[in-house]
Amino acid sequence: MSAISEREVAISVLIPIVERPDDLREIHRAVWPEVEKLGQPFEFVYLVSAEFDDAFQQVLELHELDRARVRVLRFARPVSEAVALSAGFERARGEVIFTVPAYFDASPEGLPSLYAALETGADLAIATRTHRSDSIVKRIQTRGFNRLTSWGTGTRFSDIASGTRALRREVVGDLPLYGDFHRFLPLLVDRAGYAVREVAVRQDARARAPDVYRVRDYLWRLLDILSISFLSYFTRRPLRLFGAVGALFGGLGSLILLVVAIQRVMGQPAAGRSILILGALLVGVGVQAVTVGLLGELLLFFQARHIRSYRIAEIYEAAEPPLPAKEASIEN
Amino acid sequence: MSLVEPIGNSLSVVVPVFNEAANAAPLVTRIVEAVRPLDIPFELIVIDDGSSDGTPDVLRELIEANPELVVIRLRRNFGQASALQAGFDRARGDIIVTLDGDLQNDPRDIPRLLERLRAGADVVSGWRLNRQDAVVVRKIPSWLANRLIRWVTRVPIHDQGCSLKAYRREVIERLDLYSDLHRFITILTMPQGAAIEEIEVRHHPRVAGESKYGLSRVLKVLVDLTAIQMLTRFRESPTRWFGLLGAPFLLGSLVTGAASLVLAGSLVVLPTVSILLGLVFMSCLFAALLGEAIIDTLGSTESNRVVAREWKEER
């Protein structure tokens, strides 16, 4: 067993242990040979959330077998996959990073084809699960999640939440990974201006996803889609959303107040009519929405100095640039 | 003595393109032909905004014959504002000229724009008096939008949508474009105190490729205008902006409050409405406070952004 210096690692395999882990020794046995096939120096990094003690013991065993190539990271508190992954991204030494779930899901045999996708220009390759061994109940849920996400964000991914992915290291620096946003990784990568490719991979026969989750989990998913949809459409121009909402409410409220006023002039007393309260409330909510939108615009405008929303792929120019480089005259 | 600071000589022409493979070669040739005779150092920066029709390859071929050409290929389509910003970030000239990649602007107008800059303008905007576009979907909405923008912002420009514009470098360095802000670029230069001028420019009908604008943008322009108005006229005093917004509600609250006192015994509704309107006013005040906090933390370098010129002897 030889010690591996940092530079010699080409591929990092990140395995976040954050929910329902299967026997990690089995997972390890299934994944290891597939990565070995690629013929590149590699490392495995197990990212263990605080609550999984058995899994931790199992990966420690694996670490003892090959200390240089199996690394273990234990979190001091329970973490989400997004948090585990960003810690993993920070420590990964390879130029290519695989993420593999700690349970049987997309077959590890698909890893080489993910790698091939990166070699042919993709920045992120995601395994979309086919031949699913999950129950029909689970599959309907996955499909619903994908549909809703597509609709909410204006993108098309057939299996966005699949945990088996391969990505180039340069991509991860640009991702806002927090909360449960790992589920939308392909979307975030796409938004950051990188190329995403889907690769069909058979689901492993040993995959055993639970059919039904807690009610809270479903609620969280829905809210996640809402926030990601907000990020997709309106982060750059909050007033377009809040202005529309505000105009709708405020308009409705004004209309009610106008009708009450006209009726008052025609002789019907306004005092004592509860619809007056509704009108005033709607106008108030409308104004509030517009206010929030304007504050958002203000924040963005001043923040824009530090944000560049474009990403350059390449610059073509003559060997001798036409004009010499120049110092900016103001601090930015 | 004069307030005119002499302007440097070098020129950057910045052109964002999107799927303009058919127009790319004539575009580059025409710009180069129009600028070369001026005998000033210049670069032509073409930003490919994620074209899928091979535009970047066409452009790349042109570099050999036109060493002034710099092609920036973006990873995907980011929109015109971001593409322009990519060009601005790279631009090295003392003067920056922008124009559209569809050949509807005429590069032969560039020398006239430069003249006005040398005469002291900070921004020179083109005005397409003889506009060659569809009347109903393009010209009429644009005329209305420009009227409205002129009225609201008081920037006396007749043709905000004309891409052919020239700027002093300092003006561009103080701008950060995102989303669709490129449509309001002259307005955004106003808080800097930039001297904005307008000259008539030629306009040609589109010969190749497809127009990328539609009617739907008019609505967006209206919403954006509200934001721009706040960002330019009230950016240093959000309390005034939100105060103005809240004032009618305070008034309403006071009136209904007084009425409920006068018409004593008349029940619940009037006092409730008074309280509601008062709360709306309060929330405007809260927003004003947040706005002040935002500007205090993020916008504290605001004084750097105003153009200040040194008085110099005229040469």
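The values are calculated or read from the model by the stated rules, or taken from the named source; none is laboratory data. Nothing here was measured: the structure is a model prediction, and the numbers come from that model. Cβ: placed from backbone, ideal geometry, glycine included. Neighbour counts: every protein chain shown.
Among the numbered criteria (1) surrounded by 16 or more Cβ atoms within 10 Å (Cβ to Cβ); (2) at pLDDT 80 or above; (3) not hydrophobic (A, V, I, L, M, F, W, C), which single criterion is violated by A:SER232?
Among (1) surrounded by 16 or more Cβ atoms within 10 Å (Cβ to Cβ); (2) at pLDDT 80 or above; (3) not hydrophobic (A, V, I, L, M, F, W, C), A:SER232 violates only (2).
If we scan region A:265-285, do we find a residue that is of a type in the set (Val, Ile, Thr), farther than 15 Å from B:LEU270 by Cβ and without any contact (Cβ under 8 Å) to a residue 12 or more places away in the chain?
Yes, there is a match, as at least one residue in region A:265-285 is of a type in the set (Val, Ile, Thr), farther than 15 Å from B:LEU270 by Cβ and without any contact (Cβ under 8 Å) to a residue 12 or more places away in the chain.
Could you tell me which numbered condition A:ARG240 fails, if it satisfies all but one of (1) basic (Lys, Arg); (2) outside any loop (DSSP other than H, G, I, E, B); (3) under 23 Å from B:VAL268 (Cβ atoms); (4) at the interface with another protein chain (Cβ under 8 Å from one of its Cβ atoms)?
For A:ARG240, the exception is condition (3).
Which one of the conditions (1) loosely packed, with under 13 Cβ neighbours inside 10 Å; (2) small (Gly, Ala, Ser); (3) under 27 Å from the mean Cα position of the chain (by Cα) does A:GLY39 fail to meet, given that it meets all the rest?
Unmet for A:GLY39, out of (1) loosely packed, with under 13 Cβ neighbours inside 10 Å; (2) small (Gly, Ala, Ser); (3) under 27 Å from the mean Cα position of the chain (by Cα): (3).
Looking at B:VAL255, B:VAL223, which one is surrounded by 14 or more Cβ atoms within 10 Å (Cβ to Cβ), in a helix (DSSP H, G or I) and in the same structural domain as B:HIS182 (by TED's automatic domain parsing)?
B:VAL223
Those residues that are surrounded by fewer than 21 Cβ atoms within 10 Å (Cβ to Cβ), farther than 12 Å from B:VAL280 by Cβ and in contact with a Phe, Trp or Tyr (Cβ under 7 Å, 6 or more places away or on another chain), I need them from region A:272-295; list them, please.
Scanning region A:272-295 gives a single hit, A:VAL292.
Conditions first: (1) surrounded by 22 or more Cβ atoms within 10 Å (Cβ to Cβ); (2) more than 7 Å from chain B (Cβ to nearest Cβ). A:TYR310 passes all but one, so which condition is the exception?
It is condition (2) that A:TYR310 fails.
Taking B:ASP109 and the conditions (1) within 11 Å of chain A (Cβ to nearest Cβ); (2) acidic (Asp, Glu); (3) under 21 Å from the mean Cα position of the chain (by Cα), which numbered condition does it fall short on, given that it satisfies the others?
Of everything listed in (1) within 11 Å of chain A (Cβ to nearest Cβ); (2) acidic (Asp, Glu); (3) under 21 Å from the mean Cα position of the chain (by Cα), B:ASP109 misses just condition (1).
Could you count how many residues in region B:111-143 are assigned to a helix (DSSP H, G or I) and free of Cβ contacts under 8 Å to residues at least 60 places away in the same chain?
Taking region B:111-143 and keeping what is assigned to a helix (DSSP H, G or I), we get B:111-118, B:135-143.
Next, from what is left, pick out any that are free of Cβ contacts under 8 Å to residues at least 60 places away in the same chain: B:115, B:135-136, B:139-140, B:142-143.
Within region B:111-143, residues that are assigned to a helix (DSSP H, G or I) and free of Cβ contacts under 8 Å to residues at least 60 places away in the same chain number 7.
Identify the single condition in (1) touching a Ser or Thr at 6+ places or on another chain (Cβ under 6 Å); (2) of a type in the set (S, T, N, Q); (3) free of Cβ contacts under 8 Å to residues at least 60 places away in the same chain that B:THR29 does not satisfy, given that it satisfies every other one.
Among (1) touching a Ser or Thr at 6+ places or on another chain (Cβ under 6 Å); (2) of a type in the set (S, T, N, Q); (3) free of Cβ contacts under 8 Å to residues at least 60 places away in the same chain, the lone unmet condition for B:THR29 is (1).
For B:GLY50, state whether it is crowded, with 16+ Cβ neighbours inside 10 Å, within 11 Å of another protein chain (Cβ to nearest Cβ), closer than 26 Å to A:ALA195 by Cβ and at pLDDT below 90. I'd like the intermediate steps shown before the answer.
Details: crowded, with 16+ Cβ neighbours inside 10 Å: yes; within 11 Å of another protein chain (Cβ to nearest Cβ): yes; closer than 26 Å to A:ALA195 by Cβ: yes; at pLDDT below 90: yes.
Yes.
If the requirement is being assigned by TED's automatic domain parsing to the domain that holds A:GLU119, assigned to a helix (DSSP H, G or I) and touching a helix residue (DSSP H, G or I) at 6+ places or on another chain (Cβ under 8 Å), which of these qualifies: A:LEU38, A:LEU62, A:LEU73, A:LEU47?
Details: A:LEU38 fails: assigned to a helix (DSSP H, G or I); A:LEU73 fails: assigned to a helix (DSSP H, G or I); A:LEU47 fails: assigned to a helix (DSSP H, G or I).
Answer to the check: A:LEU62.
Which numbered condition in (1) free of Cβ contacts under 8 Å to residues at least 24 places away in the same chain; (2) more than 9 Å from chain A (Cβ to nearest Cβ); (3) closer than 26 Å to B:MET190 by Cβ is the only one that B:ILE96 fails?
Going through the list (1) free of Cβ contacts under 8 Å to residues at least 24 places away in the same chain; (2) more than 9 Å from chain A (Cβ to nearest Cβ); (3) closer than 26 Å to B:MET190 by Cβ, B:ILE96 breaks only (1).
Name every residue in region B:60-82 that is at the interface with chain A (Cβ under 7 Å from one of its Cβ atoms) and in a helix (DSSP H, G or I), in order of residue number.
B:ARG60, B:SER82
Here are some residues: B:ARG108, B:ARG92. Which one is in the same structural domain as B:GLU20 (by TED's automatic domain parsing) and assigned to a helix (DSSP H, G or I)?
None of the other options fit; the residue is B:ARG108.
Of the residues that sit in region B:61-74 and are crowded, with 17+ Cβ neighbours inside 10 Å and either in contact with a Gly (Cβ under 8 Å, 6 or more places away or on another chain) or more than 19 Å from B:GLY93 (Cβ to Cβ) (or both), which one is modelled with the lowest pLDDT?
Top of the filtered list is B:LEU74.
Out of the residues in region B:265-314 that are closer than 30 Å to B:ASP122 by Cα and among the hydrophobic types (A, V, I, L, M, F, W, C), state the one that is modelled with the lowest pLDDT.
The residue in question is B:TRP311.
State whether one or more residues within region B:160-170 are outside any strand (DSSP E or B), closer than 28 Å to B:LYS220 by Cβ and charged (D, E, K, R).
No: zero hits.
Inspect region A:202-212 for any residue being within 14 Å of A:ALA127 (Cβ to Cβ), surrounded by fewer than 18 Cβ atoms within 10 Å (Cβ to Cβ), touching a His at 6+ places or on another chain (Cβ under 9 Å) and assigned by TED's automatic domain parsing to the domain that holds A:THR164 and give the result as yes or no.
Within region A:202-212 (the criterion being within 14 Å of A:ALA127 (Cβ to Cβ), surrounded by fewer than 18 Cβ atoms within 10 Å (Cβ to Cβ), touching a His at 6+ places or on another chain (Cβ under 9 Å) and assigned by TED's automatic domain parsing to the domain that holds A:THR164), the answer is yes, since at least one residue qualifies.
Working carefully through the options A:ALA289, A:ALA280, A:ALA261, A:ALA304, find the one that is touching an Asp or Glu at 6+ places or on another chain (Cβ under 7 Å), of a type in the set (Gly, Ala, Ser) and part of a helix (DSSP H, G or I).
Values: A:ALA289 fails: touching an Asp or Glu at 6+ places or on another chain (Cβ under 7 Å); A:ALA280 fails: touching an Asp or Glu at 6+ places or on another chain (Cβ under 7 Å); A:ALA261 fails: touching an Asp or Glu at 6+ places or on another chain (Cβ under 7 Å).
Exactly one of A:ALA289, A:ALA280, A:ALA261, A:ALA304 is touching an Asp or Glu at 6+ places or on another chain (Cβ under 7 Å), of a type in the set (Gly, Ala, Ser) and part of a helix (DSSP H, G or I), namely A:ALA304.
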